[in-house]
1. For the subset of segment 65-83 comprising residues that are surrounded by 15 or more Cβ atoms within 10 Å (Cβ to Cβ) and hydroxyl-bearing (S, T, Y), which member is farthest from T9 (Cα to Cα)?
2. In segment 1-60, what residues are among the hydroxyl-bearing types (S, T, Y) and closer than 16 Å to R117 by Cα?
3. Could you list, in sequence order, the residues of segment 47-79 that are within 25 Å of Q103 (Cα to Cα) and part of a loop (DSSP other than H, G, I, E, B)?
4. If you go through segment 24-46, how many residues are exposed (fewer than 11 other Cβ atoms within 10 Å of the Cβ), touching a helix residue (DSSP H, G or I) at 6+ places or on another chain (Cβ under 9 Å) and either at pLDDT 90 or above or assigned to a strand (DSSP E or B) (or both)?
5. Kindly list, by first and then second residue, each pair from a residue in segment 90-113 that is modelled with pLDDT under 80 to a residue that is among the charged types (D, E, K, R) and in a helix (DSSP H, G or I), limited to pairs with Cβ atoms under 8 Å and residues at least 6 apart or on different chains.
6. Being of a type in the set (A, V, I, L, M), assigned to a strand (DSSP E or B) and either loosely packed, with under 11 Cβ neighbours inside 10 Å or at pLDDT below 85 (or both) narrows it down to one of L116, L86, so name that one.
Amino acid sequence: MEIITGGVTAAKGFMAAGVEAGIKYQNRKDMAMVYSKTPCRAAGVFTTNVVKAAPVLWDKEVVESEWEAQAIVVNSGIANACTGKLGYEYCRGQMQCLECLLQQQGQQQMRWRFLLRAS
């Protein structure tokens, strides 16, 4: 196996950023975004548990219906589980907000359905 330096942005066309959102702990990066300049193939392995967190349901739907993604928002410190329909609507709202922010930054037109949400 060849070790490639550069982390998640080693592949051409990818950018990433992380922030301290204060989700669970202070002074620790706990939220990140990985962005691809062009839509790329999306794939996922999902839990078979009966209880699935809203981000799991969101991502499963995107992967199964769109097959492409352009950005993923990831958080640590909270599972976002057992939030029901409201949690799913939060995922939708976050992705629509992210779409607007990326377009304001001059990124190409994208559909919010190309955005993944993981926790």
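The values are calculated or read from the model by the stated rules, or taken from the named source; none is laboratory data. Every value quoted in this text rests on a predicted model; they were computed, and no experiment measured them. Positions of Cβ are generated from backbone atoms using ideal geometry, with glycine treated the same way; all protein chains shown enter the neighbour counts.
1. Taking the candidates together, the pick is T83.
2. The answer is Y35, S36, T47.
3. Listed by number, the residues that qualify are E66, W67.
4. Counting residues in segment 24-46 that are exposed (fewer than 11 other Cβ atoms within 10 Å of the Cβ), touching a helix residue (DSSP H, G or I) at 6+ places or on another chain (Cβ under 9 Å) and either at pLDDT 90 or above or assigned to a strand (DSSP E or B) (or both) gives 0.
5. M110/E99; R111/E99; W112/R92; W112/E99
6. After ruling out the rest, the residue left standing is L116.
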